[in-house]
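All remarks here apply to the structure that follows.
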Amino acid sequence: LDVEDAALLLSIIAGHDIHDATSSPHPTENYVEEMKKKKSFTIGISDDYFEGLDGDIAKALEKSLEVFRKLGFKTKKIKLLSPNYAISVYTIIQRAEVMSNLARYDGIRYGDGRHAFGTEAKRRMMLGTYTLSYGYYDAFYKKAQKVRTLIINDFKRVFKEVDFVIGTPTPITALKLGEFNKYPFFGELMDKFNEPAAMAGIPAISLPTGLDRNGLPMSLQLMGNYFREADILNASYQFEKETDYFGVIKKGVENYKD
């Protein structure tokens, strides 16, 4: 799936759905057409989003910034709330949503599928029940929503200065199969750079930046302002055309499978 594929897919799924109360009436754009225009943007760099990165990933990210500068993009140092805050917010809110959604399987309306829930699903349901229970709702869930609002307002402030914020989806490359099972909150720790965008509800994209010393794929992440998907795709398309990382990733994955 390259950038043009993403633009085509977004063109299909974007837009208001009269059957979905959570969808936005905001008008959509011709993402494929807008993607291919020559534009220049300003990329924000926050030190907190470079903290704790594997050496190869950090080097690839710096190299990617040079590619953007070569394309005529500007870069600017910014200050954002640490993504570590998003870990706690995501953990509390997501568990509460899991409990709320999966509670429907009560044997009356949606059938009884609880026997099929795995260990992680059960763990999240239990934690969600705890955070929404009497006496803990204000202490955990309500506070998490307040911090989420701070994250949203922080991004709104930054996007008055820059078009995008750059980072990476994960601080390390892939672990061996099953290795993450040793750590109950491994997913949250590895997703800490993804969670701020998810919590703020802003668009973001991941782009290949090559392979690490072990031949595993690396990538960068661009986060943009609300409803500026066309700009993100445009910048991503320019980056992809300027580099051969997409082809390198495909070849590397094929070699790794062999």
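Overview of values
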| item | result |
| --- | --- |
| So P208, is it in contact with a helix residue (DSSP H, G or I) (Cβ under 7 Å, 6 or more places away or on another chain) and either in a helix (DSSP H, G or I) or closer than 29 Å to I45 by Cβ (or both) | yes |
| Answer residue from the stretch 215-232, given it is within 15 Å of the chain's Cα centre (by Cα) and assigned to a helix (DSSP H, G or I) and is surrounded by the most Cβ atoms within 10 Å (Cβ to Cβ) among those | I232 |
| Per-region count, the stretch 40-91, residues among the small types (G, A, S) and touching a strand residue (DSSP E or B) at 6+ places or on another chain (Cβ under 6 Å) | 4 |
| Every residue from the stretch 71-89 that is at pLDDT 95 or above and closer than 19 Å to S219 by Cβ | L71, F73, T75 |
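Conditions tested, residue by residue: (1) of a type in the set (D, E, K, R); (2) touching a residue at least 12 places away in the same chain (Cβ under 8 Å); (3) part of a helix (DSSP H, G or I); (4) surrounded by fewer than 19 Cβ atoms within 10 Å (Cβ to Cβ).
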residue: A139; (1), (2), (3), (4): no, no, yes, yes
residue: K142; (1), (2), (3), (4): yes, no, yes, yes
residue: I151; (1), (2), (3), (4): no, yes, yes, no
residue: T173; (1), (2), (3), (4): no, yes, no, yes
residue: K176; (1), (2), (3), (4): yes, no, no, yes
residue: I202; (1), (2), (3), (4): no, yes, no, no
residue: R213; (1), (2), (3), (4): yes, yes, no, yes
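The values are calculated or read from the model by the stated rules, or taken from the named source; none is laboratory data. Keep in mind it's a predicted model, so treat the numbers as computed, not measured. No Cβ is skipped: glycine too gets one built from the backbone with ideal geometry, and neighbour counts run over all protein chains shown.
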